[in-house]
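Notes follow the structure.
The values are calculated or read from the model by the stated rules, or taken from the named source; none is laboratory data. As the structure is a prediction and not an experimental result, all values here were calculated from the model. Heads up, the Cβs are rebuilt from the backbone with ideal geometry, glycines too, and the neighbour counts pull from every protein chain shown. Ligands, DNA and RNA are excluded from the accessible area calculation, which covers all protein heavy atoms including side chains. Shrake-Rupley method; radii C 1.70, N 1.55, O 1.52, S 1.80 Å.
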Amino acid sequence: MNVLIKSATILDSKSDFHNTTQDLLIEKGKISKIAQNIKNTNNYKEINLENLHISQGWFDSSVCFGEPGFEDRETIENGLKTAAKSGFTSVAMQTNTYPIIDTNSAIAFINMKAQNNAVTLLPIGALTKNSASVDLAELYDMKTAGAVAFSDYKKPITNPNLLKIALQYASNFDGLVCSFPQENRISGQGVMNENITSTSLGLKGNPSLAEALQVARDLYLLEYTGGKLHIPTLSTAESVDLIRSAKKKKLNVTCSVAIHNLCLTDSELEDFDTHFKVLPPLRIQSDIDALIEGVKDGTIDMVTSDHNPVTIEDKKVEFDFAYYGTIGLESAFGALQTLFSTKKTIQLLTKGKARFNVEHTIIAIGNKADLALFNPDTKYTFTTKNIHSKSKNSLFLNKELKGKVYGVIANNKTVL
């Protein structure tokens with residue numbers, strides 16, 4: 001693949017060309033030249049787009065594609081295409097498939113399906129067999145097959161001894177253990193945040209206590225065992241405080257927050273719109289303020305779209321019976337830019353790579369091209385026309401977002 005990018009503003013704090021507008025010549029997937037005016041002597045394809053900015057390719061630590069088993073929700077092929085059109089060049093795929101990804105052969109299948117794509121798919125293996133929280137899955141075998149972490153997606157490890165053993169065992173091969181932060185015996189049948197809104201709507205509440213208790217438990221276990229722990233999708237102020245204290249103790253813990261939990265409160269559910277039924281639930285403004293502060297001071301290590309396609313048949317039902325989840329890849333950049341500067345947004349979208357063994361590829365001559373292309377200044381209303389996923393269950397529908405993504409150049413391929 002040979003292309004010439006014209007007049008692109010480079011946003012890469014580690015690059016010598018940061019904050020400058022340059023042409024970039026890419027030959028056979030590598031950046032061969034960066035200069036203010038490169039002549040197209042070889043008649044390569046030119047990319048010349050309005051207000052074009054480029055950065056290192058973005059990373060998402062939690063996406064769901066359905067395949068195998070739930071191809072009606074999404075396929076790996078279209079999921080990776082969606083990621084590329086949303087600016088992501090690497091994504092970690094979750095385990096909520098059928099069958100659940102809990103063996104080395106399942107990891108090999110995912111890797112085979114994802115070959116020859118612009119976006120690098122990083123499979124996550126289930127932490128327990130069938131994600132049933134009873135017995136550990138084949139962690140080491142999945143690691144050797146290419147699993148980057150182990151997680152029972154949206155299912156907490158109910159047995160603390162099982163998590164203790166997982167942390168101890170995985171530390172032998174530098175495995176990353178993920179633990180979903182919810183104590184089910186506290187959350188019960190709650191379908192939204194427990195607060196005045198849930199009371200007024202007559203819906204069962206899921207209190208912030210359910211998350212804080214689980215986070216505290218997991219951090220105590222980590223302190224006892226050692227190992228590497230990742231706590232995904234925090235949603236409460238209490239959790240941020242707990243993580244902040246754990247990091248002061250130098251515990252080897254990272255965490256993420258779903259972008260929609262930074263943007264929206266539980267008041268969005270006043271019309272019983274199941275698009276806003278997510279897990280963890282949307283909380284209140286004081287939680288959002290604490291989460292944003294945690295992002296700014298580095299307590300929260302990364303953001304995620306928590307992309308989870310759900311079919312209309314599983315969403316357009318009574319609220320209690322609707323599936324949890326929202327798609328988020330297409331809206332990630334635009335939503336973050338309503339909260340943060342473009343510089344901070346790009347920083348957030350490229351953080352977390354090292355934790356999941358993803359290489360940071362600096363924009364420099366001689367390096368492979370791993371680039372996101374975008375216009376940071378466009379404002380627009382997010383509609384189904386902006387959705388590339390098979391499922392259309394976005395909670396950002398009809399919200400005003402900022403920033404248009406053109407696509408990516410990565411793995412010797414261009415997707416625009």
*Note the full-extension length gain between residue 51 and residue 204 as 0.36 nm times their separation in residues minus their Cα-Cα distance, in nm to one decimal.*
50.4 nm
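Around residue 66, with a cut-off of 15 angstrom between Cβ atoms, what is the net charge of the other residues, counting Lys and Arg +1 and Asp and Glu -1?
Net of charged neighbours comes to -1.
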*If you line up the long axis of helix 104-113 against the longest principal axis of the chain, both from Cα atoms, how many degrees apart are they, to the nearest 10?*
40
*Span from the the stretch 229-283 Cα centroid across to the the stretch 353-414 one, whole angstrom*: 22
*Compare the peptides 51-60, 33-42, 208-217, 18-27 by average per-residue count of other Cβ atoms within 10 angstrom and give them in order, highest first.*
51-60, 208-217, 18-27, 33-42
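Among residues other than residue 405 whose Cβ falls under 9 Å from its Cβ, what is the net charge (Lys/Arg +1, Asp/Glu -1)?
Numbers: positive: 85, 404; negative: 330.
Local net charge: +1.
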*asked:* Starting from 0.36 nm per residue, how many nanometres of slack lie between residue 158 and residue 220 once their C-alpha separation is accounted for?
replied: 20.8 nm
*Roughly how tilted is helix 160-170, in degrees to the nearest 10 and between 0 and 90, from the longest Cα axis of the chain?*
30
*Relative contact order of the chain, pairs being alpha-carbon contacts under 8 Å that are 6 or more residues apart, as %*: 20
*Identify which of the listed values of Cα Rg over 2.2 N^0.38 Å was calculated from the structure shown: [x] 0.96; [y] 1.00; [z] 1.08.*
[x]
*Normalised by the number of residues in the stretch 14-128, what is the relative contact order in percent for Cα pairs under 8 Å and 6+ residues apart?*
20
_Charge dipole of the stretch 262-391 about the Cα centre (unit charges at C-beta), most positive-ward option of 350, 305, 278_ = 350
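Round to a whole number: what % of the accessible area of the stretch 196-307 belongs to carbon and sulfur, probe 1.4 Å?
Numbers: 2160 of 4060 Å².
After summing per-atom areas, the C and S share lands at 53 percent.
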*Ignoring ligands, DNA and RNA, what percent of the 1.4 Å accessible area of the stretch 1-69 is carbon and sulfur?*
40
*For the stretch 228-384, report the accessible area per residue in Å² (1.4 Å probe, heavy atoms, rounded to an integer).*
37
*Dipole magnitude of the chain about its Cα centre, charges +1 at Lys/Arg Cβ and -1 at Asp/Glu Cβ only, in debye to the nearest 20?*
1220
_Qualifying aspartates and glutamates (Cα of each under 17 Å from Cα of residue 155; at least 8 residues distant if same chain)_ = 102, 135, 183, 211, 218, 306
*Note the angle between two axes, namely the Cα long axis of helix 237-248 and the longest principal axis of the Cα atoms of the chain, as a number of degrees from 0 to 90, rounded to the nearest 10.*
70
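Let me check I've understood the local charge: for residue 133, count other residues with C-beta under 10 angstrom from its C-beta, Lys and Arg +1, Asp and Glu -1. What total comes out? List each step's numbers first, then the result.
On the way: positive: 129, 155; negative: 135, 152.
Neighbourhood net charge equals 0.
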*Using a 1.4 angstrom probe, figure out how much accessible area the stretch 1-123 has per residue, in square angstrom, rounded to the nearest whole.*
42
*Can you tell me the relative contact order of the stretch 268-416? Whole percent, Cα pairs under 8 Å, sequence separation 6 or more.*
26
*Too long at a 29 Å Cα-Cα cut-off: which of 28/390; 85/164; 45/85; 277/402; 164/247; 28/344?*
28/390; 85/164; 28/344
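If packing is taken as the mean number of other Cβ atoms within 10 Å per residue, what is the order of 147-159, 264-276, highest first? Present the calculation step by step, with values, prior to reporting the outcome.
Details: 147-159: 22.6, 264-276: 17.8.
So the peptides 147-159, 264-276, ranked by packing, come out 147-159, 264-276.
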